[in-house]
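Written out below as structure tokens is the structure these notes cover.
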Amino acid sequence: MDGLAGTLAVIDVDALRTRCQGILGFLDERKRRLFAANEALALGRGGVTAVSEASGIARSTIYRGIAELQTGGDGLGERLRRPGAGRKSAAERQPGLLPALRNIVEGAIRGDPESPLRWVSRSQRNIVAALAVQGFEVSQKLVGKMLHQLGYSCQANRKTNEGSRHPDRNAQFEYINATVKAALAAGQPAISVDAKKKELVGDFKNAGKELRPKGDPERVLVHDFEIKGQGKVAPYGVYDIGANEGWVNVGVSADTAEFAVESICRWWQRLGKARYPEAKSLVITADCGGSNGARVRLWKRELQRFANETALEVTVNHLPPGTSKWNRIEHRLFAYISQNWRGKPLVSHQVIIQLIGSTTTGTGLTVTCDIDASQYRRGIKVSKAEMAALNIQPHTFHGEWNYTIRPNQRPP
């Protein structure tokens, strides 16, 4: 030991430590072992102790590296350690860990009332707590790795269930497509209509992001309570399928069938009549529910008024129940409006008009917009006598979804 101590005295451990710190961070486990062994051999007697002190690598590891250098190989190939080396995995140290994890997660997914995760978030933190109750010691990182091995990953909800699927759903889509194609081929207008969701007017948070100076987001209200005097708006859209042109009537009152048909009237007076001066008919595709629903009597009565005033033969095709997302206006007009105003608070009616009216696409979509300040009353009843007076003809294929309303008097 005295001789070893004397040798260590002449080795500059600080310089050796500096050299090790400069290179070890770039090496994997095997290369660090061989580097330390090579340094120890170069230093001679006492080199192993000095390198161990300077690098923090165990003496046994350095001796193993020396053996590898002296034998000219270790037979590991691409491996860093020999087979069986290193710590055993948590699953090996704790038998039953993997099955316990699987039972906890699958029980929560199946709705097992005995599962510890039945009524809480299936987060890694909660899974660690549930495993701890059963006597297992794991970390969130380890749980994440094990869940990956079992084929699990974090996923959001996906809207795919459409409720009851009508047996003639596909046939109705084909019927609508054929009707629209025939109208466009004859030079007659065909439109898709729907009401966009109501929006609060004011400096409220609007989903999405827009460019601003870093660290300077636009300040908006914390709450989402309606501001007295500003209220909400109900945008009702009309999409001209043949012209790729949108019209949005922004109502400040109730979204009723009267408002829906008035929006179509305003589209016709503002855009449709000039674009289709020779039009004799109009095809409307609409959802099966809402203010323009197939069962709404007021919708049909107001369409009769529209047909009388314009002398147009109005054909309505409703999308099957539960398929409103397939309405053309949703992905041809409303989707682009939402993109255009994302991250922008809808602080006033004027701002809403400008944001909707400035919506365009590379395929040529243009949008015209205006405010409808009229007040529309809810709860209007349409009698059986009024319904009997309508000049409405149900089609032979699903007449409850497809019908034509013809003028029953000369237009004023």
Inset, instruction - With the condition kept exactly as written, say whether any residue in the stretch 287-306 is within 24 Å of W326 (Cα to Cα) and polar (S, T, N, Q). - result: yes
Legend entry - Residues of the stretch 196-226 satisfying the condition of being under 30 Å from I241 (Cβ atoms) and outside any loop (DSSP other than H, G, I, E, B): E199
Inset, instruction - Would you mention how many residues in the stretch 206-247 are farther than 19 Å from N340 by Cβ, among the acidic types (D, E) and within 25 Å of the chain's Cα centre (by Cα)? - result: 1
Inset, instruction - Can you tell me which residue within the stretch 60-117, out of those that are more than 24 Å from G151 (Cβ to Cβ) and basic (K, R), is modelled with the highest pLDDT? - result: R64
Legend entry - Of the criteria (1) crowded, with 22+ Cβ neighbours inside 10 Å; (2) within 30 Å of L211 (Cβ to Cβ); (3) among the hydrophobic types (A, V, I, L, M, F, W, C), which one I371 fails: (1)
Legend entry - Test result for V283, in contact with a Phe, Trp or Tyr (Cβ under 8 Å, 6 or more places away or on another chain), part of a strand (DSSP E or B) and crowded, with 19+ Cβ neighbours inside 10 Å: no
Inset, instruction - Go over the candidates A42, A37, A50 one by one and state the one that is surrounded by fewer than 16 Cβ atoms within 10 Å (Cβ to Cβ), at pLDDT 85 or above and assigned to a helix (DSSP H, G or I). - result: A42
Inset, instruction - Check every one of the helices (runs of 4 or more DSSP H) wholly within the stretch 123-195 and list those with 3 or more residues that are of a type in the set (A, V, I, L, M, F, W, C) and in contact (Cβ under 8 Å) with a residue 60 or more places away in the chain. - result: 169-185
Inset, instruction - Output yes when any residue across the stretch 220-243 is among the charged types (D, E, K, R), touching a residue at least 60 places away in the same chain (Cβ under 8 Å) and over 29 Å from A286 (Cβ atoms), and no when none is. - result: no
Legend entry - Hits in the stretch 11-45 (condition: in contact with a Leu (Cβ under 9 Å, 6 or more places away or on another chain) and either in contact (Cβ under 8 Å) with a residue 40 or more places away in the chain or not assigned by TED's automatic domain parsing to the domain that holds I62 (or both)): D28, E29, R30, R45
Inset, instruction - Considering only residues that are among the small types (G, A, S) and part of a loop (DSSP other than H, G, I, E, B), look in the stretch 227-280 and name the one that is surrounded by the fewest Cβ atoms within 10 Å (Cβ to Cβ). - result: G229
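The values are calculated or read from the model by the stated rules, or taken from the named source; none is laboratory data. In this text the structure is predicted, and so the values were computed from the model without any measurement. A quick note on method: Cβ atoms are made from the backbone with ideal geometry, for glycine too, and the neighbour counts reach across all protein chains shown.
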